[in-house]
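The values are calculated or read from the model by the stated rules, or taken from the named source; none is laboratory data. Owing to the predicted nature of the structure, the values given are computational and were not obtained by experimental measurement. As a convention, Cβ positions derive from the backbone with ideal geometry for all residues, glycine included, and neighbour counts pool all protein chains shown. Calculation scope for accessible area: heavy atoms of the full protein, side chains included, ligands and nucleic acids excluded. Shrake-Rupley method; radii C 1.70, N 1.55, O 1.52, S 1.80 Å.
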Amino acid sequence: MNEIDLKGRVAVVTGGASGIGAAIAQRYAASGARVAVWDMNEQAAKATAAALPAVAGGAHAGHAVNVADEAGVGAATAATVAAMGRIDVLCCSAGITGPNTTVAEYPAAEWKKVFDVNVHGVFLCNRAVVREMLKNDYGRIVNIASIAGKEGNPNASAYSASKAAVIGLTKSLGKEVAKSGIRVNCVTPAAVRTPIFDQMTQQHIDFMLSKIPMGRFGGVEEIAAMIAWLSSEECSFSTGAVFDLSGGRAVY
């Protein structure tokens, strides 16, 4: 594992109790950062934080956070700053897929639920944390979008559209704070085998695999490796950018 220097930094990972988020939290801690794990499942968030390797400067923490709840995000931001002093890094990993069905059959309530988590949740977390970062004129924000946000997967319209929105939000915020010490980027993974697969049909999983030229799904450690660099001080001239992690799937 290449060494990324996050020593002395404080990082927040949403959806950090499992899957990609947990791998990112692990990589952050291995790089020297204190990590606040934000997740809907408080017990899992605290357990994930407790299992992270110890770092200098204080303990990791787990918080129960519904990213779609404005008050909850504000409270978690305040609690993290109070306990850890500041927030240097935010990775928005929390997300849901929604059902696999056609636009013609898509339930409106499910569409709204996907956008509440995948778009409104990313907005609320970005907004709350960037306010703290602006106070220190430093920060790194990495939003996890998806290759589906570029290509539009059939039978996954809400997920695809929500991830396209994350790309747009990332570009907007990146430009807004470009003259500060804050950098805002996103990654667009192809499918990575995590518990989120439990929300998908096998037919859709097979479809996603068929689109990847490498012929395999990505690994959570591979996603975390790129995100760790994007979260570091060395990532200094990239902002509002989109980084592919698609096994060759991306066509633009």
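Table for the structure above
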quantity: Furthest towards positive pole of dipole, GLY215, ILE141, ALA79, structure part the chain, Cβ charges; calculated: ILE141
quantity: Given charges at beta-carbon only (K, R positive; D, E negative), |dipole| of region 49-119 in Debye; calculated: 180
quantity: Accessible carbon and sulfur surface of the chain relative to its total accessible area, %, 1.4 Å; calculated: 56
quantity: For the chain, calculated [θ]222 nm from helices alone, where every DSSP H run of n ≥ 4 adds -39500 (n - 2.57); calculated: -13000 deg cm²/dmol
quantity: Euclidean distance between Cα centres, region 90-123 to region 130-198, Å; calculated: 14
quantity: Relative contact order of the chain, defined on C-alpha pairs under 8 angstrom at six or more residues apart (%); calculated: 19
quantity: The chain: angle of helix 70-84 to the longest principal axis, Cα-based, in degrees nearest 10; calculated: 40
quantity: Loop GluC sites (Glu not before Pro), region 161-234, which have at most 16 other Cβ atoms in a 10 Å radius of their Cβ (DSSP); calculated: GLU233, GLU234
quantity: Added length on full extension, which subtracts the Cα-Cα distance from 0.36 nm per residue, ASP137 to GLN43; calculated: 30.5 nm
quantity: Relative compactness, region 98-137, computed as alpha-carbon Rg over 2.2 N^0.38 Å; calculated: 1.71
quantity: Loop sites in region 29-124: trypsin sites (Lys or Arg not before Pro), DSSP, at most 16 other Cβ within 10 Å; calculated: ARG86
quantity: Amide hydrogen neighbours beyond the local backbone of ASN143, cut-off 5 Å, H modeled; calculated: CYS92, ASN185, CYS186, VAL187
quantity: Dipole magnitude of the chain, debye to nearest 20 (Cβ charges: Lys/Arg +1, Asp/Glu -1, about Cα centre); calculated: 380
quantity: Residue-wise HN-Hα coupling along region 109-118, computed from phi with Karplus coefficients 6.51, -1.76, 1.60 (Hz; x: Gly, Pro); calculated: 5, 5, 4, 4, 4, 4, 5, 4, 7, 6
quantity: Heavy-atom surface of the chain, accessible at 1.4 Å and reported per residue (Å²); calculated: 43
quantity: Region 191-246: chymotrypsin sites (Phe, Trp or Tyr not before Pro) falling in loop per DSSP and having at most 10 other Cβ within 10 Å; calculated: PHE237
quantity: Rounded if a/c under 1.5, otherwise prolate or oblate - region 111-167, Cα gyration tensor axes; calculated: oblate
quantity: Neighbourhood net charge (9 Å Cβ-Cβ; Lys/Arg +1, Asp/Glu -1) for VAL242; calculated: +1
quantity: Distant-in-sequence amide H partners of ASN155 (H built 1.01 Å from N, under 5 Å); calculated: VAL103
quantity: Stokes-Einstein D for region 11-136, Kirkwood Rh over Cα pairs, 20 °C, 1.002 mPa s (µm²/s); calculated: 144
quantity: Where labels lie 7 Å past Cα in the beta-carbon direction, separation of GLU176 and SER238 in nm; calculated: 2.2
quantity: Subset of LYS112/LYS171; LYS7/LYS113; LYS135/LYS171; LYS150/LYS175; LYS7/LYS179; LYS46/LYS179 violating a 27 Å alpha-carbon distance limit; calculated: LYS7/LYS113; LYS46/LYS179
quantity: Alpha carbon convex hull of region 177-216, volume per residue in cubic angstrom; calculated: 118
